[in-house]
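Nothing in this text is a laboratory measurement; each read-out follows from the coordinates by a stated rule. Computed from a predicted model, the values in this text were never measured in an experiment. Glycine also receives a Cβ, built like all others from the backbone with ideal geometry; neighbour counts cover every protein chain displayed.
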Amino acid sequence: MPLHGVMNTRTFILVTLVLLVVSCGSQAQDNPPPPVDDFVPGRWKEFVSDDGSFAVSMPGVPTEVSQPIDNKAGSAVARFHNLITKTAEYSVGYTIFGRDLEKLQPTKVTLDGIRDRVLAKENGKLLSEEEISAEGHPGRALTIEVGDGIFRDRYFLVGTRLYTMTVFTSTVKARSQAESDGIRKAQESVANHFLDSFKLLTK
């Protein structure tokens, strides 16, 4: 199954979210810098993949990465669209297999296998897991904590395709627990804006 490894080596980014947290001890600025696009919904644009038959909102224009994959079920091709900002790393795409993933075996078995392989690869801690769907097709939502941040993933089995969405946000050193909670809430909000916007397109 395709994992985070189908993308290029993950770039570790420094997230600058402190300006979003109100702190009584911080000094006021006459001309604070404008908020980054991630936190301005009006600046997000819908990205449409005609080949992938899906649409999603992103705070910028992604780059495409295609990569062949060899696996026990035969050869497959993964196509992903990646975007790295100062706030997060976004990735959405799909992998085409030679067999129907919804009929190959019970879908729960397939999705459980994806989860287990992702956890092993990232050496992460599963924070949450939820059964989801897209236009009636089965999926899974995962939140995984790793050493330097959090992955929020969604997977959907759609015939011969496995759709994958991932948002990675880095851990930010905060001055207090309240600030830390505020940063994490802001990161979660941005991630959900991306994840919740995904939709399959009918031809």
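Compare the Cα positions of Leu162, Ser180, Ala134 along the charge dipole of segment 65-203 (+1 at Cβ of Lys, Arg; -1 at Cβ of Asp, Glu; about the Cα centre) and return the one farthest towards the positive end.
Final value for the positive-end residue is Leu162.
Might you report the magnitude of the Cβ-based charge dipole of segment 65-203 about its Cα centre, with Lys and Arg at +1 and Asp and Glu at -1, to the nearest 20 debye?
Result for segment 65-203 is approximately 280 debye, rounded to the nearest 20.
List, largest first, the extents of the alpha carbons of segment 65-203 along their principal axes, each in whole Å.
Between the extreme Cα coordinates on each principal axis of segment 65-203 lie 51, 32, 27 Å.
At 0.36 nm per residue, and after removing the present C-alpha to C-alpha distance, how many nm does the segment from Ala141 to Val61 gain when stretched out fully?
Gain on extension, Ala141 to Val61, equals 26.4 nm.
Order by neighbour count: Leu195, Leu119, fewest other Cβ atoms within 10 Å first, most last.
Result, fewest neighbours first: Leu119, Leu195.
Can you put Ile84, Ile183 in order, fewest other beta carbons within 10 Å first?
Neighbour counts put them in this order, fewest first: Ile84, Ile183.
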